[in-house]
Amino acid sequence: MNAVTLGPAGTYSHRAARAVAAEVSFRESVTAIVDAVADGEFERGVVPIENSIEGSVTESLDALADYDVSVTREVVTPIRHALLAQDDAFEVVASHSQALAQCRNWLEANYPDAGLEAVASTARGVERAREDARVAGIGHPDNAGDDLSILAADIQDRTSNATRFLVVAPESARSDAGGKTTLIVYPNANYPGLLLELLEAFADRNLNLSRIESRPSGERLGDYLFHFDVDAGLYEDHMAKAVEDIEAIADKGWVKVLGSYDTEHVLE
């Protein structure tokens, strides 16, 4: 099996993807990853969906809504950030915007005069540090190699920092088996009590929502679609009936059921 994820090699996405496939390729954006899977170029894609500090990755939410794909697994991995540089005389810290945000307080306390530069990935920031002594990167300590120093380890603002990744597959790989289900709902309507109706379809059946997000539909201002993670599989009767209710409520729009799946924890 081949998989594609955010590159270059050494990103946290790469670490998660190695739990999915031995052969891993890279793209520079989540949208490009999901597009490559939808087109059949790759069997699986691994995209970050949620971080315990910074919340949801909006590009992933939008790509899942825009492309016809399924979700077959989620991978949860702890995030251990280190400050990597040639020496401590750097002027700029370069990393992915999420990593910079996850270390915001530590950076302000320890390097308040350093500039911050958002780049495509943590690994790209480490590459910048390797190329330029004026730049430090934020990444996993294993990425230091032989030419960078680990100036500080575990610099994330919260020790509980972890990221959920979704394993994206072609639509044909969708499964009803698993302990969690993700679906996206576009009601194409706006009236008092609409969201309550959607929530009641789950609550009335004692189904727990582990995540709910609203995102602009892109159709018009003030128009939204909703992302739901439900702690139940589609093979369960009460979950299947909840989806039927959701489809009836959203009969003027659409419901995209991405499938049911299980969770894997990658601890390295």
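The values are calculated or read from the model by the stated rules, or taken from the named source; none is laboratory data. Just so you know, these numbers come straight off a predicted model, no measurement behind them. So basically every Cβ, Gly included, is an ideal-geometry build from the backbone, and we count neighbours across all protein chains shown. Remember, those area values only see protein heavy atoms, side chains included, never the ligands or the DNA or RNA. Shrake-Rupley method; radii C 1.70, N 1.55, O 1.52, S 1.80 Å.
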Which residue fluctuates most in the GNM of the chain (Cα springs below 10 Å): LEU166, LEU234, LEU194? LEU194
Determine the percent antiparallel among the DSSP beta bridges restricted to the chain, to the nearest 5. 70 percent
What would the Debye formula give as log10 I(q)/I(0) at q = 0.11, 0.15, 0.17, 0.20 Å⁻¹ for the alpha-carbon point model of the stretch 153-268, no solvent? -0.43, -0.74, -0.89, -1.11
Rounded to whole Å and sorted largest first, what semi-axes of the equivalent ellipsoid does the C-alpha gyration tensor of the stretch 128-205 yield via the square root of 5 times each eigenvalue? 45, 18, 15
Cα gyration tensor of the stretch 221-262, axes a ≥ b ≥ c as square roots of the eigenvalues: rounded (a/c below 1.5), prolate (a/b > b/c) or oblate? oblate
Ignoring ligands, DNA and RNA, what accessible area per residue does the chain give at 1.4 Å, in Å²? 45 Å²
Give the residue from ILE79, ILE212, ALA173 lying farthest towards the positive end of the charge dipole for the chain; charges sit on Cβ (+1 for Lys and Arg, -1 for Asp and Glu) and the dipole is referred to the Cα centre. ILE79
For the chain, give the magnitude of the charge dipole about the Cα centre (Cβ charges: +1 Lys/Arg, -1 Asp/Glu; no others), in debye to the nearest 20. 180 debye
Accessible-area composition of the stretch 171-232, carbon plus sulfur, in percent [1.4 Å probe]: 46 percent
What aspartates and glutamates sit close enough to LYS241 to cross-link, taking a C-alpha to C-alpha distance under 19 Å and skipping anything fewer than 8 places away on the same chain? ASP176, GLU197, GLU200, ASP204, ASP229, ASP231, ASP251
For the stretch 1-144, with the dipole built from +1 on Lys and Arg beta-carbon atoms and -1 on Asp and Glu ones, taken about the Cα centre, which of LEU116, TYR12, SER97 lies farthest toward the positive end? TYR12
Dimensions in Å of the stretch 73-145 - Rg and Dmax from alpha carbons: 11.8, 43
